[in-house]
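**Q** To start, I am sharing the structure in question, which I have written as structure tokens.
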Amino acid sequence: MLQRRLFHKIVQQFYLGHPETSRLSRFPPSLQLGLRSACHRSKTTSAFPDVRERTLIAVKPDGVQRRLVGQIIQRFEQRGFKLVGLRMLQASEDLLSEHYGELRTKSFYHSLVRYMTSGPIVVMVWEGHNVVQTSRSMVGHTNPAEAMAGTVRGDFSIHVSRNVVHASDSVEGAQREIQLWFQAKDLLDWDCNDKSSTSEK
Ligand code: UDP
Ligand code: MG
């Protein structure tokens, strides 16, 4: 009888206890992350895209010089996104030519690189539901003259050559840019205490 009860308890714990954590813990952390999001996806419908979406936001040299870093971070925090990586650096021409590779043939490319290497920048990775699209709306139109009031560019800038902030324009673009500016070890996978207040998942 005792043996049967023990057997039952073991089976129950293995299959019902913590299905994700107990099985995932056998894999290295990097693989666990992918598996965990795969678990999320299999349990949810397309109405709830992956909450682990991430994007790259950068305060450009004019934003740093004008002491706007705090205000820009505050907007993303207030909106409910989670900061998972942050670096302040003086970007090299090589890194920028990779980052802005698609714009290499544009007439403004060389002045863009000169501007982006003119002083320190602050590069960040933000995470949350639909963060790529939402942060593009928060940042506003590329040309500040057309950016809506209430957006970062609409509130803090007047000319396209000094538009204060960068935001990735697609999920794929964000993944490429994040890998360019950050090493995996410098992105923190931490739990927000208010997670259930900002998203259903
Ligand atoms: N840019 C510029 N002149 C232009 C268009 C763009 O100096 O006519 C700069 C501007 O800093 C912009 C960056 O190039 O943010 C990248 O251009 P993109 O079209 O990717 O705009 P974004 O994605 O930043 O809104
Ligand atoms: Mg762009």
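Coordinate-derived values only; no laboratory data. As the structure is a computational prediction, the values presented were derived from the model and not from experiment. Counting neighbours? That spans all protein chains shown, and the Cβs are built from the backbone with ideal geometry, glycine included.
**Q** Mind pulling up the Rg/Rh value for the range 87-163? Radius of gyration and Kirkwood radius, both on Cα.
**A** 0.98
**Q** Among 183-192, 86-95, how do they line up from the highest to the lowest mean number of other beta-carbon atoms within 10 Å?
**A** Numbers: 183-192: 10.6, 86-95: 12.7.
Going by the mean number of other Cβ atoms within 10 Å, highest first, we get 86-95, 183-192.
**Q** Kindly put Val113, Val131 in sequence by how many other C-beta atoms sit within 10 Å of each C-beta, fewest to most.
**A** Val113, Val131
**Q** For Thr151, Thr105, Thr198, which order do you get if you count the other beta carbons within 10 Å of each Cβ and list the fewest first?
**A** Thr105, Thr198, Thr151
**Q** Principal axis lengths of the range 144-201 from Cα atoms, whole Å, largest first?
**A** 38, 31, 18
**Q** Report, largest value first, the span of the C-alpha coordinates of the range 69-112 along each principal axis, in whole Å.
**A** 37, 19, 15
**Q** Shifting gears a bit: Explain nothing, just the number: dipole magnitude of the range 156-201 about its Cα centre with +1 on each Lys and Arg Cβ and -1 on each Asp and Glu Cβ, in debye rounded to the nearest 20.
**A** Result for the range 156-201 is approximately 180 debye, rounded to the nearest 20.
**Q** If you don't mind, another one. Report the label-to-label distance for Thr117 and Met148 in nanometres (one decimal), using points 7 Å from each Cα along the Cα→Cβ vector.
**A** With each label point 7 Å from Cα toward Cβ, the separation is 3.7 nm.
**Q** What share of all Cα pairs of the range 69-201, in percent, falls into each consecutive 10 Å distance bin?
**A** Binned Cα distances yield the sequence 11, 39, 39, 10, 1.
**Q** While we're on this one: Roughly speaking, what is the stretch gain from Lys195 to Val160, that is 0.36 nm per residue apart minus the C-alpha to C-alpha distance, in nm to one decimal?
**A** Result: 9.0 nm gained on full extension.
**Q** Now a separate question. Between Gln78 and Ser107, what is the label-point separation in nm under the 7 Å Cα-to-beta-carbon projection?
**A** 3.8
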